[in-house]
Amino acid sequence: MSLSIDPNKTIPEIFEGKSVFITGGSGFIGKVLIEKLLRSCPGIKNIYVLVRPKKNKNIQERVRALFDVPLFDQLRRDNMAVIEKVIGIEGDITKINLGMNETDTSLLIDNVSIIYHIAASVRFNDSLKSAIFSNTRSTREVIALAKRCASMDVFVHCSTAYSNFDQNVIEEKVYPPKHDWRIAIELAEKYDDMTLQVLTEKYIDPLPNTYTFTKGMAEQLVIDLCTNQIPAIITRPSIVLPSSRDPIDGWVDNFNGPMSINLLEGKGLVRVIYADEDSEHDNVFVDNTAKALVIATWRKIFQSKNPIIEVYNIASDMNFTHKFMRDEGNKIIARNPPDSYLWTADAVFVKHPIIFYIATLIYHIIPAIILDSILRLSARNPKFLKIYRMVYIANVALYAFLSRTVDIRSKNYVALEDSLLEYDKNSFSFMASRIRPNSTETKRAISVIWKGMKQYLLKEKPYATEAEMKKYEWVMFLQKKVFLAVRGSIIYVIISKLFSPLITSKFNEIMSY
């Protein structure tokens, strides 16, 4: 990519006096992006955030609630006034014109010059109709708005590195579409959920779910509607991890993707994970993702005459096998256990479907029935079967991603670091956070991730006491003895049922010889 960058124009200067519109501002990446823009680009004029209406709360109350998390602690201490620059716009990505009224639409058209389209439904089991409205048609509506803006510098589309999951190697380019996005939107608008459900599996093949399918179509939509019309870029984060260090270590606010499985495994609830333990996770830190979005915007402003829509695979900050993550994670949890847990962390990976079903029955369903029975006897509401039903659904949904390794190339993403001006390196450099596989830094990062999940998701204290560590060690010892006894009993029953008649027959034959 050839650049003609004015060395006097830093990232904060580029955002000086400009207004930004963000969809998905209340989401994980969106919050981190807002915090980064306000803290590192204080001269920004306004940040308009699309917010869905909610009962008993007006839009500005919902916007203010975004800041009631530790992510914004430093910003509140250093420059509380900039928070007033964030303005809520009532809307809904699933609606035509994003569900906005004419007044708000005009406000954005007259003021906005940079748009970040981050909002999406990340649920893997969404119906085809819902996923098309949330992930594909919404992109069309945001681009339509961008084309009407009086001064549009950059449209940034946030996709996913797994939008082309049928590829073994994912390059930083847009792949040929599986289907025409126009026809897909027409189908979703014309037919009901039940009708579309019949053809979903065949329609989205070879992609594993409606999420990756509709995000892939959205990328082609960006190419078709933005090329030679408005400056645009496509960004593709892989699995987004808690923050590495900016502005705080380990911040996270959602249970999406493997995060929920890892957390429940740490609490001793998940004993079986449907995955190939030797396949590899590709991960990126959320603070690095936000930095990449900002740097890519800055670069594109200086490339406005370049009609090419660049693609950035924001990936490979920290890669590891599932086995490595479990083994190292279990050691870290033993040194910093959660406040409460069912058992200690010790899940097994299973990749054969029949063995997975059997293991789920033995390790999840039967214990859930026993525990729920105990709860009923003590006049409390049963909960474990419900939990393990969700675990089973998550296991099945994630299997496609946890059973194979995909090579996600990220040359363009890495090049963002090289293009930074010296002035911007202190605030926007991200290479120091990227970690070599299986290095000492990987173990430190896993420790930070676990601490973050404890502190921000479980609302527990970040570090355990010495007494809690000793108690955890005692439970580990007890668990091994109990599980050894259970496994021995199961093996004994199986052997006695299968081989007892044969042994008895042979014994009688010998005795009667």
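Data for the structure
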| quantity | calculated |
| --- | --- |
| Qualifying lysines (Cα of each under 26 Å from Cα of residue 331; at least 8 residues distant if same chain) | 267, 323, 351, 443, 451, 454, 459, 461, 470, 471, 480, 481 |
| Fraction of the pair-distance distribution of segment 108-186 above 14 Å, Cα-Cα pairs, percent | 69 percent |
| Accessible surface of the chain, 1.4 Å probe, proportion on carbon and sulfur as whole % | 56 percent |
| Mean Cα-pair separation over length for segment 230-308, i.e. relative contact order, pairs under 8 Å, 6 or more apart, % | 48 percent |
| Average accessible area per residue (Å²) across the chain - probe 1.4 Å, nucleic acids and ligands excluded | 47 Å² |
| Computed [θ] at 222 nm, helices only, for the chain once each DSSP H run of length n ≥ 4 contributes -39500 (n - 2.57) | -15000 deg cm²/dmol |
| Cα radius of gyration and Dmax for segment 255-350 (Å) | 18.5, 59 |
| Volume of the Cα convex hull of the chain, divided per residue and given in Å³ | 199 Å³ |
| Relative contact order %, segment 255-371, counting alpha carbon pairs below 8 Å whose residues are six or more apart | 49 percent |
| Descending semi-axes in whole angstrom, ellipsoid equivalent of segment 308-456, from the Cα gyration tensor | 39, 20, 15 |
| Rg/Rh (Cα only; Kirkwood hydrodynamic radius) as it applies to segment 425-481 | 1.15 |
| Summed residue charge, Cβ within 15 Å of residue 331's Cβ, Lys/Arg positive, Asp/Glu negative | +1 |
| Computed P(r) (all Cα pairs; segment 152-298; 10 Å bins; percent) | 9, 30, 33, 22, 5, 0 |
| Residues with amide H under 5 Å from that of residue 87, placed H, sequence gap 5 or more | 47, 48, 49 |
| Acute angle (nearest 10 degrees) that the helix 286-301 long axis makes with the longest principal axis of the chain, alpha-carbon atoms | 30 degrees |
| Karplus 3J(HN,Hα) series, Hz, for segment 26-31 with 6.51 cos²θ - 1.76 cosθ + 1.60 (x for Gly, Pro) | 8, x, 4, 5, x, 4 |
| When segment 297-336 is reduced to its Cα atoms, the Kirkwood hydrodynamic radius in Å | 13.9 Å |
| All-pairs Cα distance distribution in segment 343-420, expressed in whole percent, bin size 5 Å | 3, 12, 16, 17, 13, 9, 8, 7, 6, 5, 4, 2, 1 |
| Exposure rank, largest accessible area first [124, 384; 1.4 Å] | 124, 384 |
| Under 14 Å from the Cα of residue 55 - aspartates and glutamates, other chains or at least 8 residues apart | 90 |
| Heavy-atom accessible area ranking, 1.4 Å probe, most first, across 151, 138 | 151, 138 |
| Environment charge at residue 373 (Cβ cut-off 15 Å; Lys +1, Arg +1, Asp -1, Glu -1) | +3 |
| Amide H contacts of residue 244 (H built 1.01 Å from N, under 5 Å, at least 5 apart or other chain) | 250, 286, 287, 288 |
| Backbone HN-Hα couplings from phi across segment 75-80 [Karplus 6.51/-1.76/1.60, Hz, Gly and Pro as x] | 5, 5, 6, 8, 7, 4 |
| Accessible heavy-atom area order of 87, 115, 29, highest first, probe of 1.4 Å | 87, 29, 115 |
| For residue 314, residues with placed amide H under 5 Å, excluding near neighbours | 236, 238 |
| Partners for residue 18 among lysines (Cα-Cα distance below 22 Å; same-chain residues under 8 apart left out) | 9, 31, 36, 45, 85, 147, 291, 300, 305, 425 |
| Rough spin-label spacing in nm, given labels placed 7 Å along Cα→Cβ, for residue 197 and residue 58 | 4.1 nm |
| Heavy atoms of residue 321: accessible area, 1.4 Å probe, square angstrom to 10 | 40 Å² |
| For segment 185-193, Karplus couplings with θ = phi - 60° (6.51, -1.76, 1.60), whole Hz, Gly/Pro x | 5, 4, 4, 5, 6, 8, 10, 7, 4 |
| 0 to 90° range, to nearest 10: angle between helix 466-511 axis and the chain longest Cα axis | 50 degrees |
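The values are calculated or read from the model by the stated rules, or taken from the named source; none is laboratory data. Everything numeric in this text was worked out from a predicted model, so none of it was measured. All Cβ positions, even for glycine, are placed from backbone atoms using ideal geometry, and neighbour counts span all protein chains on display. All accessible areas refer to the heavy atoms of the entire protein, side chains included, with ligands and DNA or RNA removed. Shrake-Rupley method; radii C 1.70, N 1.55, O 1.52, S 1.80 Å.
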